[in-house]
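One structure below.
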Amino acid sequence: MIKIWNKEHAQSLLEYSLLVAVLVLVFIASIPQLRSSITGVFTRTETLLMHDSDPAHPLDPSHPSSYLWRDDLNSLDNWNPVRGKWEASNGVLRNTSSGEGRIFTPYTGDDFMVDIDIAHLLQGNGYGVWLRASEVDGDNINGYTFQYDPGHGRGEFSMRKWVDGKELSTFVRVSAEGYDWYDPHKVQVIANGDTFTVVIDGVQILTAQDSTYSSGQVGLRTWSNTRTEFHGFSIEVAPLEPQS
């Protein structure tokens with residue numbers, strides 16, 4: 001015997017489906033913990049989709065979709081200004097005094113990428129990014145700095161090591177005479193094992209190796225009459241391959 005799939009049968013199934021869906025929604029709404037968990041899943045998914053749909057952050061293994069630390073740069077609440085005067089407002093971190101300036105994030109780690117959406121040197125001889133720094137509050141700081149340094153020689157990018165508060169000679173130097181030092185740039189500094197890689201505006205400009213320090217804090221440095229603005233500061237998982 002052939003059974004006929006009639007309209008009334010289909011309508012009944014649709015009605016049952018809608019009823020089950022309503023019951024599930026009522027059940028979820030009645031349990032706050034479950035509702036929060038499901039909402040969290042959708043929120044995290046939306047965040048990842050927004051991040052990975054950004055052309056500047058494509059979905060590939062070389063660019064992580066998770067952050068180790070980030071700040072909205074609306075205040076200094078999450079920073080430790082050690083030397084000089086600093087301020088943060090409206091998404092911009094800037095130094096406001098001459099001489100040696102140092103400011104640190106609370107993040108401490110081994111392998112990571114410092115990602116600065118815009119670093120803009122407005123005047124002066126340059127700025128630095130602290131990597132794997134320790135003893136940051138005293139005079140005996142240890143660690144590394146990447147230095148964006150138009151004031152040294154005819155202008156150069158370099159990596160320096162600090163030992164007990166002393167800034168040693170550069171262990172890697174890349175001359176860049178005529179570079180557009182006072183234009184805004186995207187800056188990424190990667191610490192991965194004993195290798196350091198610096199990428200500016202998507203171009204790898206420096207790689208260096210040293211194994212003295214394996215972990216420490218991240219921060220920023222200024223000197224002389226430097227005035228610099230930083231927009232968008234985050235610390236991310238070190239990429240599997242250098243950015244290019």
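Each residue in the range 185-210 was checked for being under 15 Å from the mean Cα position of the chain (by Cα), in contact (Cβ under 8 Å) with a residue 24 or more places away in the chain and on the phi > 0 side of the Ramachandran plot, and 1 of them qualify.
Looking across the range 196-228, the residues that are among the charged types (D, E, K, R) and open to solvent by 40 Å² or more (accessible area, probe 1.4 Å) come down to Asp201, Arg227.
Whether a residue is of a type in the set (A, V, I, L, M) and within 20 Å of the chain's Cα centre (by Cα) was assessed, and Leu122 does not pass this test. Here's a check for you: in the range 77-88, which residue that is assigned to a strand (DSSP E or B) and not polar (S, T, N, Q) is nearest to Gly232 (Cα to Cα)? The selected residue is Ala88. Only one of the listed residues (Tyr213, Tyr182) is under 22 Å from Arg132 (Cα atoms), in contact (Cβ under 8 Å) with a residue 24 or more places away in the chain and among the hydroxyl-bearing types (Ser, Thr, Tyr). That residue is Tyr213.
Restricting the search to strands (runs of 3 or more DSSP E) fully inside the range 89-179 and requiring at least 1 residues that are open to solvent by 10 Å² or more (accessible area, probe 1.4 Å), charged (D, E, K, R) and without any contact (Cβ under 8 Å) to a residue 12 or more places away in the chain gives 166-175.
Considered as a group, the residues in the range 180-193 that are within 20 Å of Ser234 (Cα to Cα) and out of contact with any Leu (no Cβ under 8 Å at 6 or more places or on another chain) include one that is surrounded by the fewest Cβ atoms within 10 Å (Cβ to Cβ), and that residue is Gly193. Listed by first and then second residue, the pairs with beta-carbon distance under 9 Å, at least 6 apart or on different chains, first residue in the range 71-84 and on the phi > 0 side of the Ramachandran plot, second at pLDDT 95 or above and open to solvent by 50 Å² or more (accessible area, probe 1.4 Å), are Leu73/Asn90; Leu73/His231; Gly84/Thr96; Gly84/Ser98; Gly84/Glu100.
The values are calculated or read from the model by the stated rules, or taken from the named source; none is laboratory data. Here the structure is a predicted model, which is why all the values come from computation and not from measurement. A quick note on method: Cβ atoms are made from the backbone with ideal geometry, for glycine too, and the neighbour counts reach across all protein chains shown. For the accessible areas, the whole protein counts, side chains as well, though only heavy atoms, and no ligand, DNA or RNA atoms are used. Shrake-Rupley method; radii C 1.70, N 1.55, O 1.52, S 1.80 Å.
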